[in-house]
Amino acid sequence: MEASQWRKSVRNKKILVLGLAKTGISVAKHLQALGAIITVNDAKPLEENKDAQALIEENNARVVAGGHPVSLLDEDFAFMVKNPGIPYTNPMVVRAQELGLPVYTDIEIADKLTDATIIGITGSNGKTTTTSLVGEMLSQADSLSGDSFIGGNIGIPSLDIASQAKARDRLILELSSFQLMGTKEFKPHIAAITNIYAAHLDYHGSMEDYISAKWQITANQTADDYLILNADQQAVFGERSTKATIVPFSATVAQKDGAWFDQESQNFMWHEEEVFNRKDFFLPGHHNLENMLVAVAIGKLLGISNEEIKNGVSTFHGVKHRLQFVAEIDGRRFYNDSKATNNDASITALDSFNQAQDQVIWLAGGLDRGNEVTELAKHMRQVKGMVVFGQAADKFKALGQSQGLSTIEKVTWIEDAVQAAYNMSEPGDTILLSPASASWDQYPNFEVRGERYIKAIDQLKK
């Protein structure tokens, strides 16, 4: 059914929106704007529920708050739109399925709402960076007609962009396993799975069910559609099948029918064609090679030129506060990984600068939660100096000393850390904020910490 027909079909239909938050609010408002008769059901009591209050006051919406009464389903709803975070074991969802009532998540409604080309990106890691990267690349590709919009799990509700997109446009959607699980008709023209690792098993119940949820991204694709898969993880996907044309990518092995990274020449490749060189891409780390290869594959499948791909990615400095390239000053490259609030995140950051030529000044510290940091030691091979701060400063100072570092400075604020790191560094060094700690001892959140870091770097330029 074309989008225009579907929009008309929901007029005067009774629709139940289960769960609010940003996604539920978006679904309720857009469907109500199409003339649907909306009932919103949210577990939080009305007196504590500002979102529900706003829907009542601003949209005159019907809201049932304070619980999930199964009796509500005795009404003649056409379908339910479930907030992705609500599990399928919820009594309302279970009862809806028993009644044969269709249960959708927002992405399926977005697909019905637009005739634009949908590019869906999922995976355990890297999907936000990849989605943002693809959006930047396509928005700068002059050879493409129409506009490119990013949304979905990235924080921009899918219906917010689907409602404004035209047939000639493209929607680049970051998709979570929560959104994909249970989809019935969702069909992206280009789908990509960046990688799969154990995650959200409390929601899905098993690794097998988690992978199956991710695999729903290709359930309705045909031979005219494309599925981009990580060739280095073939064993993870098992014997699952797809009707789509598979496009492999690999950061380690040549893929003559896909995208790959040539370790020798440091070129990103498409089949046997050089697309551009690693030096033109600012994001460090093996994981970002994989993210970039997905972007290359999408760009080539859409027919944009190598020059357009290069121009788009060379201006992309990463998702803010996630191993974000900030600036190069006097030969020093500054990276902002303020979102690294635990050891695992900082291990990823440190391992991104593990080449022999890398020399890192590491900025670490923050809220001391009592956790050990000794596991970070084996990932500090390229760290030549440290600046430590916050409650955990002494803990990180001791870590540095255990690794034989003689250049360690303890400071109070992030601004002091930037200046200290610059003073102890040399041209060619990398200055990396990756705190391995939460920010709450000094800052309201990691975003504020990261913004102050960026501002301090800007002051160095003056």
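The values are calculated or read from the model by the stated rules, or taken from the named source; none is laboratory data. Quick caveat: nothing in here was measured; it's all calculated off a predicted structure. Don't worry about glycine lacking a Cβ; one is built from the backbone with ideal geometry, like all the others, and counts go over all protein chains shown. Heads up: the accessible areas ignore ligands, DNA and RNA and are worked out on the full protein's heavy atoms, side chains in. Shrake-Rupley method; radii C 1.70, N 1.55, O 1.52, S 1.80 Å.
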Open item on the list: Counting only helical runs of four or more DSSP H residues, what would the 222 nm mean residue ellipticity of the chain come to if each run contributes -39,500 (n - 2.57) and the total is spread over all its residues?
Closed with: -9500 deg cm²/dmol
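Would you mind checking the pairs Lys310/Lys455; Lys279/Lys378; Lys13/Lys82; Lys44/Lys320; Lys279/Lys320; Lys14/Lys243 and listing those with alpha carbons more than 23 angstrom apart?
Violating the 23 Å limit, Cα to Cα: Lys310/Lys455; Lys279/Lys378; Lys44/Lys320; Lys14/Lys243.
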TODO: Check the straight Cα-Cα distances from Lys166 and name the aspartates and glutamates below 14 Å, setting aside those fewer than 8 residues away within the same chain.
DONE: Glu2, Asp111, Asp115, Asp147
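What does the charge dipole of region 366-462 about its Cα centre add up to, to the nearest 20 debye, if the Cβ of each Lys and Arg holds +1 and the Cβ of each Asp and Glu holds -1? Could the numbers behind the result be given before it?
Numbers: 12 positive and 13 negative charges, 30 e Å.
Its charge dipole is roughly 140 debye.
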Task: Interchain or long-range residues, amide H under 5 Å from Gly385's placed H - done: Val360, Trp362
Task: Cleavage-rule hits, trypsin sites (Lys or Arg not before Pro), region 209-309, DSSP coil, Cβ neighbours within 10 Å at most 16 - done: Arg240, Lys243, Lys256
Task: region 268-416 - percent of accessible surface contributed by carbon and sulfur, probe 1.4 Å - done: 43 percent
Open item on the list: Loop only by DSSP, 16 or fewer other Cβ within 10 Å of the Cβ. Give me the trypsin sites (Lys or Arg not before Pro) in region 115-168 that pass, ordered by residue number.
Closed with: Lys166, Arg168
- [ ] Could you calculate the FRET efficiency of Gln97 with Ser206 from 1/(1 + (r/R0)^6), where r is the beta carbon distance between them and R0 is 25 Å, rounded to 0.05?
- [x] 0.80
TODO: Pull out the extension gain between Ser402 and Lys378, defined as 0.36 nm times the separation in residues minus the alpha carbon to alpha carbon distance; nm, one decimal.
DONE: 7.5 nm
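Below 12 angstrom from the Cβ of Ile246, what's the summed charge of the other residues (Lys, Arg +1; Asp, Glu -1)? Could the numbers behind the result be given before it?
Details: positive: Arg240, Lys243; negative: Asp225, Asp257.
Result for the neighbourhood of Ile246: 0.
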Open item on the list: Can you give me the angle between helix 446-461 and the longest principal axis of the chain, using Cα atoms only, in degrees from 0 to 90, rounded to the nearest 10?
Closed with: 50 degrees
TODO: Please work out the Cα center distance from region 61-103 to region 374-421, rounded to the nearest Å.
DONE: 52 Å
Open item on the list: Could you give each residue of region 94-110 its phi-based ³J(HN,Hα) in whole Hz, using Karplus coefficients 6.51, -1.76, 1.60 with θ = phi - 60°, and x for Gly or Pro?
Closed with: 4, 5, 4, 5, 4, 7, x, 7, x, 10, 10, 9, 4, 5, 5, 5, 4
Task: Helix 21-33 axis, angle to the chain major axis (alpha carbon atoms, nearest 10°) - done: 40 degrees
- [ ] Distance between Cα centroids, region 125-161 to region 321-367: provide it in whole Å.
- [x] 25 Å
TODO: Take peptides 348-354, 176-182 and line them up by average Cβ neighbours within 10 Å, highest first, as a rough protection proxy.
DONE: 176-182, 348-354
Task: Neighbour count of at most 14 Cβ within 10 Å plus DSSP loop: longest GluC sites (Glu not before Pro)-free window in the chain - done: 76-184
Open item on the list: From the phi angles alone, apply the Karplus equation (6.51, -1.76, 1.60; θ = phi - 60°) to region 239-251 and give each ³J(HN,Hα) in whole Hz, x where the residue is Gly or Pro.
Closed with: 9, 5, 10, 8, 8, 6, 7, 7, 10, x, 9, 7, 8
Task: Estimated vicinal HN-Hα couplings, Hz - region 422-429 in sequence order (Karplus 6.51, -1.76, 1.60; Gly, Pro = x) - done: 4, 5, 8, 9, 10, x, x, 7
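Whole number in Å², please: accessible area per residue of the chain, 1.4 Å probe, ligands, DNA and RNA not counted. Present the calculation step by step, with values, prior to reporting the outcome.
Working: 19410 Å² over 462 residues.
Accessible area per residue, the chain: 42 Å².
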TODO: For the chain, find the longest principal axis of its Cα atoms and tell me its angle to the long axis of helix 127-139, 0 to 90°, nearest 10.
DONE: 80 degrees
Task: Apportionment of accessible area to carbon and sulfur, region 3-104, percent (1.4 Å) - done: 49 percent
Task: Amide H contacts under 5 Å for Val63, placed H, 5+ residues apart - done: Val40
